[in-house]
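Step one of this worksheet: look at the structure below.
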Amino acid sequence: MPDHDAIIIGGGHNALVCAGYLARAGLDVLVLERRDFVGGATATEELFPGFHVSSCSYICHLLQAKVIDDLEMRKHGFDVLPLDPEPFQPYLDGRRLARWHSPERTQAELASFSLRDAAALPEWNAFWRRAAGIVYPWFLRRPPSLGELKDSVAGTDDAAFLQRLLTVSMGDLVREFFEDEAVRGSFLQVQDVGDPEAAGGAFCYTHIRCDAFSRPEDIGIVRGGMGMIANSLADSAREHGVHIRTGSIVESITIDSEGARGVVLEDGTEISSKLVVSGADPKRTLLGLVGPEHLPADWVTPVREMKTRTAYLKFHAALDRLPDFSRYFPDGYDPRYIASMKLCPSMEYYSKAWHDAMAGRPAAEPVMEVQIPSVIDDSLTQPGQHVMSVWGLYAPVQPRDSNWDQIREAVGEALIDVLCQYAPELRDCLVDWSLFTPADLEKRVWLTDGNIRHLDIVPEQFLDLRPMKGWAGYGTPIAGLFLCGAGTHPGGEVTGACGHNAAHTILETL
């Protein structure tokens, strides 16, 4: 008899969600995590003595309410602290734009830039809720085809709306709603599509905007860092009989004539199971753990060509005091206002960052999504001290004419220089800092090309084209082998949806 009903490779949040559902259905489940703690890209780490940071993912906004409730996450320590504003955006000329939960309060901020833009905010919000309303019903279901998506709105006003959404660029959309360039820079976001002028950019961004349907209490900073999501899921899974082994590196998936039958660990240990579920990305799973020799011949090239070209930087800093942003709040401010910031003063700035990366150069002036979560969560470090993290958009997977080890220090220093334009005394606050490049993210978290969403969320890898055309869903060409990570529908971010959907597909198959 096999040692287990199911072996799950990886202890990321989707893998733990999948484990939790399978165990609740009565399966004997073993989770194998290569690092000494669970979480994968959803982890809290003490990178500097006494300073705890969310080392990869950094905000909770798309974690599905059904997953939270079904797996009793709040019972096991999951707690979310609200962010307001989210984000706050400073400009070099001393202006600011804070986007508050209150639309009226945000409109008041926008009015200092443009009365027209202030008036456009409700229409902008309504546009994205309408767009998300078309895609979101499929979040916890099998991936739909584009035809099914169109059929779902056929005969309604949304049919023409969807048709436009499929082709419009984010650049065109932002210009349509807003006239002030600084406002445009604040609202522009293209994620993995990257190029603001690329057709379909708005369609893919709908994935992010599905947080319009998240419960307010599930959106914000996770107390204790993002690792508390994984820890609560792990504790919940253990309560229902899941075995979780950390420090266990899977070398390969065992394949025989009937399909996947277990795994071999790096130390040579063989563990058998009725089925195997991989939380790793599709490329690493199929080309690494399985091996091209076990794939259908006509699958090898398409798997190699899965797109993982969009890369980011992750910067972390330990601070002995809070950087001074008071010039943006002449009447005084609550430090919680700067828990989440965005640095992107114009659409041109955003576009240049993308094109720098595509030319093989780290963005000279990256678009930055900055967090100082310690102004909200006092559990991350000692009183008076703070942690700061930055997502830097964008970076090349492989720098041209160099490698990341050679340029990591210089790129990190340049990023600090940009931050100092907004908070000039920042360097005086620094205790220590670290920059994770795409190469570091691959090494640390096992993400192919450092891709934070396993595969780029671009039109040709969205909905039932994820992970690739002709193969949608959670099963693989190998019997008994399933995927549950962000390379499957609906995609990246901390949603739990991929793990949920994979588990239900497995249970239906069984």
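The values are calculated or read from the model by the stated rules, or taken from the named source; none is laboratory data. The structure displayed is predicted, hence computed values, not measured ones. Because the Cβ atoms are built from the backbone with ideal geometry, glycine has one as well, and the counts that use them run over all protein chains shown. Note: areas computed on protein heavy atoms with side chains; ligands, DNA, RNA excluded. Shrake-Rupley method; radii C 1.70, N 1.55, O 1.52, S 1.80 Å.
Of all GluC sites (Glu not before Pro) in segment 180-248, which ones are in loop regions per DSSP and have a Cβ with at most 15 other Cβ atoms within 10 Å? Walk me through the intermediate numbers first.
Values: sites: E181, E197, E217, E239; in loops: E197.
For GluC sites (Glu not before Pro) across segment 180-248 that sit outside H, G, I, E and B with at most 15 neighbouring Cβ atoms in 10 Å, the list reads E197.
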For the chain, accessible area per residue (1.4 Å probe, heavy atoms of protein chains only), Å²:
37
Using 0.36 nm per residue of separation minus the Cα-Cα distance, give me the extension gain between W100 and A364 in nm, one decimal.
92.1 nm
Cross-link partners of K66 among lysines (Cα-Cα below 21 Å; sequence separation of 8 or more within a chain):
K75
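If each residue of separation counts as 0.36 nm, what is the full-extension length gain between D157 and E508 once their alpha-carbon separation is subtracted? Kindly include the intermediate steps, with their values, before the conclusion.
On the way: separation 351, 0.36 × 351 = 126.36 nm, distance 3.53 nm.
Length gained, D157 through E508: 122.8 nm.
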Amide H proximity to I8 below 5 Å, modelled H, separation 5+ or other chain, gives L30, V31, L32, V277
Would you please put 434-446, 6-18, 267-279 in order of how densely packed they are, using the mean number of other Cβ atoms within 10 angstrom per residue and starting with the highest?
6-18, 434-446, 267-279
Show me the helices of the chain, taken as full DSSP H stretches, that run 30 Å or more along their long axis by Cα and average 0.0 or above in Kyte-Doolittle hydropathy.
115-135
A student applying the Cα gyration tensor rule (rounded when a/c is under 1.5; otherwise prolate if a/b is larger than b/c, oblate if not) would label segment 215-373 oblate
Can you list the cysteines of the chain that have no other Cys Cβ under 4.7 Å away?
C56, C60, C204, C210, C344, C420, C429, C498
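If R₀ is 41 angstrom, what is the calculated FRET efficiency for the pair D256 and R141, using the beta carbon separation as r and rounding to 0.05?
Values: r = 32 Å, r/R0 = 0.79.
Calculated value: 0.80.
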Quick note, segment 170-213: a/c under 1.5 would make it rounded; otherwise a/b > b/c is prolate and the rest oblate (a ≥ b ≥ c, C-alpha gyration tensor); here it is oblate
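What shape does segment 1-73 take by its C-alpha gyration tensor, where a ≥ b ≥ c are the square roots of the eigenvalues and a/c under 1.5 counts as rounded, a/b above b/c as prolate, and the rest as oblate?
Cα axes put segment 1-73 in the oblate bin.
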L166 versus Y333: modelled label distance in nm, points set 7 Å from Cα along the beta carbon direction:
4.3
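Can you pull the percent of segment 72-169's accessible area that's carbon plus sulfur, 1.4 Å probe, other chains left in place? Walk me through the numbers on the way to the answer.
Numbers: 2460 of 4660 Å².
The nonpolar share, carbon plus sulfur, comes to 53 percent.
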Note to self: C-alpha centroids of segment 305-343 and segment 445-487 sit apart, in Å, by 30
Using a 1.4 Å probe on the protein heavy atoms, what percent of the accessible area of segment 327-442 belongs to carbon and sulfur?
47
Between E181 and M1, the FRET efficiency computed from the C-beta separation at R0 = 60 Å comes out, to the nearest 0.05, as 0.35
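Beyond 24 Å, what share of the Cα-Cα pairs of segment 14-168 is found? Please give it as a whole percent.
Values: 7186 of 11935 pairs.
Pairs farther apart than 24 Å: 60 percent.
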Distance in nm between label sites at N125 and R304, each 7 Å beyond Cα in the beta-carbon direction?
5.0
D432 versus R321, label points 7 Å from Cα toward the beta carbon: distance in nm?
2.2
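Mind putting a number on the dipole of the chain about its Cα centre? Charges go on the C-beta only, +1 for Lys and Arg and -1 for Asp and Glu, and I need it in Debye to the nearest 20. Intermediate results must be reported in sequence, preceding the final value.
Values: 46 positive and 71 negative charges, 123 e Å.
Roughly 580 debye, rounded to the nearest 20.
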Table column - 3J(HN,Hα) (Hz), segment 380-397, Karplus curve with 6.51, -1.76, 1.60, x for Gly and Pro
7, 6, 6, x, x, 9, 8, 10, 10, 10, 9, 8, x, 10, 10, 9, x, 4
Candidates per trypsin sites (Lys or Arg not before Pro) in segment 278-354, loop by DSSP, up to 12 other Cβ within 10 Å
R321
In Hz, Karplus ³J(HN,Hα) per residue of segment 46-56 (6.51, -1.76, 1.60; θ = phi - 60°; x = Gly, Pro):
8, 6, 10, x, x, 10, 10, 10, 7, 6, 10
